[in-house]
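To keep things clear, I will list the structure first and then write my remarks on it.
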Amino acid sequence: MKLSMSRLFFKIFLWFWVTVIATGISLILTFILEPHSIPTQWHASLTDTARSAGMVAIEEYEADGAQTASAYIERFESETHLRACLFDLSGDPIAGGGCGSFADTISHLTASRTRSAVSMKYGIARVALILQGSNGHKFIYATELPAGPRAAVGFNRNAIVLQWGVALLVSGFICYLLTRYLTTPILQLREAAQQLAAGDLNTRAGVGINRRNDELGDLVRDFNAMAGRIEELISQQRQLIYDVSHELRSPLARLNVALDLGRERKGNDSAFDHMERDLDRLNEMIGRLLTIAKLDNSSTPMQMAPVNLAELVSQVVHDAEFESQERGVVVKLMAEKQHLVRGSVKLLHSAIENVVRNAIHYTVVGSLVNVLLESKDTTDEFVRLIVRDHGPGVPELELANIFQPFYRVADARDRQSGGTGLGLAIADRIVKIHGGSIHAENASPQGLQVEIFLPQIMPDSLDSPSRISA
């Protein structure tokens, strides 16, 4: 795989070092800006070190004066790179340079009325203590001493909490930005994949993301290419079904004419009756194929109007009585009140009729087909239509497939019942055109239950016109 600075590896590598550097800088700033104090267990060690150096400076001062003491302090500073000063008891400097930097420590010493004062700044301990010379005079000696890393950061609980908090906050924020950078295209790609799986073949991943020059950009571009190819193939397949179905109408019409001529010449024959049934079945199949092709391909807006779903379902059940009586099946309708939906009466009638006829075909002879139309109340967003038969049901793994064209669980059974595997496919497309959903599940103890959900018209939207594509 060819790598360049725009690839994902180098971006993650760069983000890692940005996180390390930013966290380190924040810790250093916290360490510098935070007021520190020396733990009490370190005071004795620091004051003993300062006392030793301070007594030497006082001895030099008492022996040869301030100039000699200053020379000693200068040697001390050059060797240790730490400041030191000798003051009289009133705080006036005697020897040393830069003594003003100890003003706060001296003030703290005189204000506390103790013999020593210790503070820390920038990781350096500042010690001031009162020392007595050999002649009985008292002096103040102030010096800087390295406190060591343990004294700098180790024993102040509040400092530890602050420093760790800052480190976690900075690193967490940078990791959050990195996560957003990496997961945003993945989430958008997932959303596009869900829309594609739901049947929206026009969906594509984000336009801005496919301009990225890394592996995620390649993935998005490959996904969009795949989605475009799938859309092209399915469109060609639908168009092929439509064209073939349409072209079959003419030879089918000629076959019907030939059948009538054969009856006129040969008279009634059982073979002609069998041919007529096959031609009728073929004609019905072609009609359903054309319906599916039109539902899949057409985008012409169709005027919708309020439809009384209770009356429509009642009409479908009444029309199905003749077919159900032949098998000794009773279709029982339960619809307590009116339910208004917005849509096409013709399409909705076809969808509901296909579902009800499918239930009549597969329910046990002499049993019931229950049709229930309900909603919680008039403010409920959807109205639910349930059609339940008492047949053998469908294997669980095949429930989602029964809404695909030509899908049949048992070919022999469907052929005996006259099914073509297109009725539920048509119902599925019509329901989705109306903004609803349809699914099937096995009922207990046996049978198949198909549920249709359609958006219910709210009372305040009865006068608003709308259109759908069909």
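The values are calculated or read from the model by the stated rules, or taken from the named source; none is laboratory data. Source: prediction; values computed, not measured. Cβ atoms come from the backbone with ideal geometry, glycine included; neighbour counts cover every protein chain shown. Only protein heavy atoms, including side chains, enter the accessible area calculation; ligands, DNA and RNA are left aside. Shrake-Rupley method; radii C 1.70, N 1.55, O 1.52, S 1.80 Å.
For a Förster distance of 30 Å, can you work out the FRET efficiency between the beta-carbons of residue 367 and residue 451, rounded to the nearest 0.05?
It comes to 0.95.
Could you order the peptides 437-444, 381-388 from most to least packed, using the average number of other C-beta atoms within 10 Å per residue?
On the way: 437-444: 15.4, 381-388: 19.6.
Highest mean packing first, the order is 381-388, 437-444.
If you filter segment 189-267 for trypsin sites (Lys or Arg not before Pro), then keep DSSP loop positions with at most 12 other Cβ within 10 Å, what is left?
Here no trypsin sites (Lys or Arg not before Pro) fit, given the DSSP loop and packing criteria.
Keeping every protein chain present and rolling a 1.4 Å probe, give me the accessible area per residue for segment 339-396 in Å².
It amounts to 42 Å² per residue over segment 339-396.
Across segment 174-191, in residue order, what do the Karplus-derived ³J(HN,Hα) couplings come to in whole Hz, using 6.51 cos²θ - 1.76 cosθ + 1.60 with θ = phi - 60° and x for Gly and Pro?
Rounded to whole hertz, the list is 5, 5, 5, 5, 5, 4, 4, 5, 8, 8, 4, x, 5, 5, 5, 5, 5, 4.
Starting from the Cα-Cα distance between residue 330 and residue 386, subtract it from 0.36 nm times their residue separation and give me the gain in nm to one decimal. Don't jump to the answer; show the numbers that get you there.
Values: separation 56, 0.36 × 56 = 20.16 nm, distance 1.56 nm.
So the extension gain works out to 18.6 nm.
Using modelled backbone amide H atoms (1.01 Å from N, in-plane), which distant-in-sequence or interchain residues come within less than 5 Å of residue 94's amide H?
For residue 94, the qualifying residues are 86, 87, 88.
So how much slack lies between residue 401 and residue 171, counting 0.36 nm per residue of separation and subtracting their Cα-Cα distance, in nm?
77.9 nm is the gain from fully extending residue 401 to residue 171.
What does the charge count around residue 98 come to, taking other residues whose C-beta lies under 13 Å from its C-beta (Lys +1, Arg +1, Asp -1, Glu -1)?
Net charge around residue 98: -1.
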